[in-house]
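Let me begin by presenting the structure, written as structure tokens, before commenting on it.
The values are calculated or read from the model by the stated rules, or taken from the named source; none is laboratory data. Bear in mind the structure is a predicted one, so any value in this text is a computation, not a measurement. Glycine gets a Cβ as well: all are built from the backbone with ideal geometry, and neighbour counts include every protein chain shown. These accessible areas exclude ligands, DNA and RNA; they are computed on the full protein's heavy atoms, side chains included. Shrake-Rupley method; radii C 1.70, N 1.55, O 1.52, S 1.80 Å.
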Amino acid sequence: MKVAIFGAGTMGSGIAQVFAANGHTAMMYASSVASAQRHKDKLAASLNKKVARGKMTQEAADDLMSRVVVDEFEAAADADLVIECVAENMSVKKELLGRLDAICKESAIFASNTSSLSITEIGADLKHPMVGMHFFNPVPAMKLVEVIAGANTSSELVEKISNLSKEIGKTPVVVNEAPGFVVNKILIPYCNEGVCVLQEGVASAEDIDIAMQLGCNHPMGPLHLGDLIGWDIVLNIMDVLFNETHDSKYRANVLIRKMVRAGKLGMKTGEGIFNYNK
Ligand code: 3HC
């Protein structure tokens, strides 16, 4: 299958890696061909590190990378599946998918990796069928895919994407469209609450994370997890949950807003709640 992945950030690169590892052609798209090539090079470098650590053979890495393709926009016309992982902004997503709608073959499926936006609204003006295919960070390590049915998504398409998710080694859960779906509706307020506990001076950042790791067997605490997800994304999802429901339980902590304004987004910028530059 030929999969065109738009957006080559943490999620898009991870999705490309997983499809290519499972025998599919993964076309990587970013703001330009040169930028997509830089992301492809970064992916190759991360696989080389795995090879150096003895976690992957050179042959497997080369084989995987041979299926990661960078090309012009028009080459997406014969993709079987389009997955968009661009900015969490409705008009950005709609503009991109509108352009793809005009060139992609009729049988192509359109999927969105949105973390909380409405699949129904994203697909509203498209001829191609639309479904949510929500991966988790880090994509190669996380087993889940939320398969999200918008108001116009057929049960056949949900089944097709669920089967494809299994084929690439993931476990699908079928979710009816709702703000934040299942995971982010629960997980993102949990990260937000971690920041509230920190702000109230209940415990230090380190101890809040140790408490949740050792008290609940979570692989990482809420503050470290927010640093992994990115506080810009956490804030964006909190705002979607709040704006869609007007329920005050989804009010984002002001400290998160302040961190985002200061560019302290977490691991990707080197500093969030914790400092990764040391
Ligand atoms: N990118 C790619 N792969 C990564 C990675 C990264 N940033 N970090 C870890 N991995 C891979 C490793 O390569 C390793 O795979 P391998 O065995 O094939 O080499 C595997 O994950 C385990 O890694 P490690 O042994 O180094 O590290 P840990 O055992 O400490 O696990 C972790 C790291 C998987 C990140 C673990 O701490 C974890 O599960 N944390 C919780 C992550 C989580 O909750 N993610 C969901 C976020 S919400 C989301 O994504 C939704 C979005 O819409 C916001």
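Kindly indicate which of ALA77, ALA151, ALA108 is more than 20 Å from the chain's Cα centre (by Cα), open to solvent by 60 Å² or more (accessible area, probe 1.4 Å) and either more than 14 Å from the ligand (Cβ to nearest atom) or touching a residue at least 24 places away in the same chain (Cβ under 8 Å) (or both).
ALA151
Are any residues in the stretch 170-186 open to solvent by 30 Å² or more (accessible area, probe 1.4 Å) and among the charged types (D, E, K, R), and if so, which ones?
GLU177, LYS185
Would you be able to say whether some residue in the stretch 169-182 is closer than 16 Å to THR114 by Cβ and among the aromatic types (Phe, Trp, Tyr)?
So far as the stretch 169-182 goes, yes, one or more of its residues are closer than 16 Å to THR114 by Cβ and among the aromatic types (Phe, Trp, Tyr).
Identify the single condition in (1) surrounded by fewer than 18 Cβ atoms within 10 Å (Cβ to Cβ); (2) at pLDDT 95 or above; (3) away from the ligand (no atom under 13 Å from the Cβ) that PRO219 does not satisfy, given that it satisfies every other one.
(3)
Within the stretch 47-63, work out how many residues are within 24 Å of LEU228 (Cα to Cα) and touching a residue at least 12 places away in the same chain (Cβ under 8 Å).
2
Kindly indicate whether SER248 is among the small types (Gly, Ala, Ser) and open to solvent by 60 Å² or more (accessible area, probe 1.4 Å).
Against the criterion (among the small types (Gly, Ala, Ser) and open to solvent by 60 Å² or more (accessible area, probe 1.4 Å)), SER248 qualifies.
Per-residue answers, yes or no, for (1) open to solvent by 50 Å² or more (accessible area, probe 1.4 Å); (2) under 28 Å from ASN236 (Cα atoms); (3) aliphatic (A, V, I, L, M):
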residue: VAL18; (1), (2), (3): no, yes, yes
residue: THR25; (1), (2), (3): no, no, no
residue: LEU47; (1), (2), (3): no, no, yes
residue: GLY54; (1), (2), (3): yes, no, no
residue: THR57; (1), (2), (3): yes, no, no
residue: ALA60; (1), (2), (3): no, no, yes
residue: SER66; (1), (2), (3): yes, no, no
residue: GLU72; (1), (2), (3): yes, no, no
residue: VAL86; (1), (2), (3): no, yes, yes
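Restricting to the stretch 195-210, name every residue that is open to solvent by less than 60 Å² (accessible area, probe 1.4 Å) and within 16 Å of the ligand (Cβ to nearest atom).
Hits for the stretch 195-210 are VAL195, ILE208, ASP209.
Quick check on my filter: what residues within the stretch 154-169 are assigned to a helix (DSSP H, G or I), of a type outside the set (Val, Ile, Thr) and either open to solvent by less than 60 Å² (accessible area, probe 1.4 Å) or touching a Phe, Trp or Tyr at 6+ places or on another chain (Cβ under 6 Å) (or both)?
Hits for the stretch 154-169 are LEU157, SER162, LEU164, SER165.
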